[in-house]
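The structure appears below as structure tokens.
Read-outs throughout are calculated quantities, based only on the coordinates presented, and are distinct from any laboratory measurement. Everything numeric here is computed off the predicted structure, so don't read it as measured data. Cβ: placed from backbone, ideal geometry, glycine included. Neighbour counts: every protein chain shown.
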Amino acid sequence: MDAAASVPPGTTSNYFRTRSALLAAALAIHVDLDTPPEAALAGIADLKLSDQEALDLMMVTMDRLLDDSASTMLKARYELVLEASRSEELHQTFEPARERFVGLANALLTARGCQTPREHAAQLVVVMDGALIDRVLGASSGLDRDAIRELLARQLQTC
């Protein structure tokens with residue numbers, strides 16, 4: 001582990017006594033990097049967004065995560081998500097982060113005029129996650145940026 005992190009031998013175990021502690025720290029870093037602060041949600045619902053503006057905002061997020069330079073980070077994110085599915089301790093860290101994503105989607109859909117934003121927000125987050133996992137898989141049948149934009153546009157139309 002230390003060699004992979006390019007740190008002196010024993011450094012990792014000095015800071016993180018167990019594998020669980022190391023994974024919890026990694027997940028906490030991903031949560032900080034990946035999720036918007038609570039302040040980002042303030043005032044969004046007071047906006048009035050067109051479908052195009054809402055879609056553009058979603059694509060800013062997707063473009064950042066789909067960029068080739070984010071590939072390693074995205075793969076690590078889903079490795080941690082899988083670990084959180086097997087560890088109650090990690091799940092407790094992951095769940096509030098997921099709720100912030102749903103909260104942001106809820107605020108965006110509310111600003112767009114959706115009548116049932118909470119229901120659709122959870123669906124939107126699942127669709128976006130699916131598109132990101134598709135990218136991680138790297139399958140030749142994977143969706144390109146335009147197809148992802150079309151998918152998200154269709155998701156908006158259902159609201």
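Taking Lys and Arg as +1 and Asp and Glu as -1, the other residues whose beta-carbon sits under 10 Å from that of residue 24 total -1.
Each of residue 143 and residue 88 was given a label point 7 Å from its Cα along the Cα-to-Cβ line. The distance between the two points is 3.6 nm. Annotation for residue 123 and residue 154: the two label points, set 7 Å from Cα along the Cα-Cβ direction, are 1.3 nm apart. Among 70, 105, 97, the largest mean-square fluctuation in a Gaussian network model of the chain, built with springs joining Cα atoms closer than 10 Å, belongs to 70.
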